[in-house]
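Encoded as structure tokens, the structure appears first; notes follow it.
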């Protein structure tokens with residue numbers, strides 16, 4: 001048994017347990033522990049666990065775990081990791097760090113974290129909507145009366161259908177407003193609706209450009225407002241930034 005210090009952060013309602021693991025104290029191979037920490041009745045409660053570690057050529061390494069122990073890029077989690085690294089004194093207002101999909105740049109301005117996302121060269125379109133990979137795979141479906149939608153039920157139907165059943169996929173339900181896009185997301189790994197999804201908002205913003213939206217795109221998630229800025233070129237989308245707040249909720253210790 002050991003006591004581990006943790007910090008609880010959220011980015012527009014997408015919440016995370018963040019641990020300073022520069023001393024290598026966390027047992028990274030224990031996926032059951034990841035699930036326990038994320039459990040909202042028997043643990044701390046979160047959409048994922050983030051470890052901050054030293055890195056040889058960048059400011060830090062961010063390791064992100066979904067509640068089921070799988071790893072992926074998490075946009076909101078990355079923004080929270082940047083704010084946490086700032087609080088630790090690892091970085092000031094700008095940073096280069098390594099995440100699941102490689103190197104990212106970010107900066108803090110007016111209490112908002114601007115996270116540079118990797119270029120997207122392909123957006124697939126079908127009869128039902130779009131598919132975009134923004135470090136995590138996302139399906140996008142337009143709906144009416146998004147507030148009344150049972151996201152967990154409808155999202156699970158798609159996530160566990162072919163061809164997504166084995167590897168999973170995130171499903172973003174959207175509804176266009178006058179000046180913004182409402183978005184609700186079912187996330188694989190969490191296997192439920194989350195209050196916000198950064199890579200999902202990025203995917204929706206880029207897909208909306210295919211329908212005539214211009215940068216920046218404002219997205220209204222259940223947990224708050226995010227913006228995505230980008231440039232469109234002949235080769236796809238570049239200079240993509242996910243922009244929004246990241247806040248500490250509390251800190252504590254838990255016995256593991």
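Odds and ends about this structure:
- In the range 186-196 there is at least one residue matching the filter, namely being modelled with pLDDT of 95 or more, surrounded by fewer than 19 Cβ atoms within 10 Å (Cβ to Cβ) and assigned to a strand (DSSP E or B).
- The set of residues from the range 134-155 being buried (at least 16 other Cβ atoms within 10 Å of the Cβ), under 19 Å from the mean Cα position of the chain (by Cα) and over 10 Å from residue 172 (Cβ atoms) comprises 134, 135, 136, 137.
- Conditions (1) under 16 Å from residue 242 (Cβ atoms); (2) at pLDDT 95 or above; number of the one not met by residue 72: (2)
- Of all residues in the range 85-130, exactly one satisfies the criterion of being under 17 Å from the mean Cα position of the chain (by Cα) and without any contact (Cβ under 8 Å) to a residue 12 or more places away in the chain, namely 105.
- Flag for residue 227 being loosely packed, with under 15 Cβ neighbours inside 10 Å and not in a loop (DSSP other than H, G, I, E, B): no
- Members of the range 19-57 that are in a loop (DSSP other than H, G, I, E, B), crowded, with 17+ Cβ neighbours inside 10 Å and out of contact with any helix residue (DSSP H, G or I) (no Cβ under 8 Å at 6 or more places or on another chain): 21, 26
- Test: residue in the range 97-114 that is in contact with a strand residue (DSSP E or B) (Cβ under 8 Å, 6 or more places away or on another chain), surrounded by 16 or more Cβ atoms within 10 Å (Cβ to Cβ) and in a helix (DSSP H, G or I): no
The values are calculated or read from the model by the stated rules, or taken from the named source; none is laboratory data. Owing to the predicted nature of the structure, the values given are computational and were not obtained by experimental measurement. Note that each Cβ is placed from the backbone with ideal geometry, even for glycine, and that neighbours are counted across all protein chains shown.
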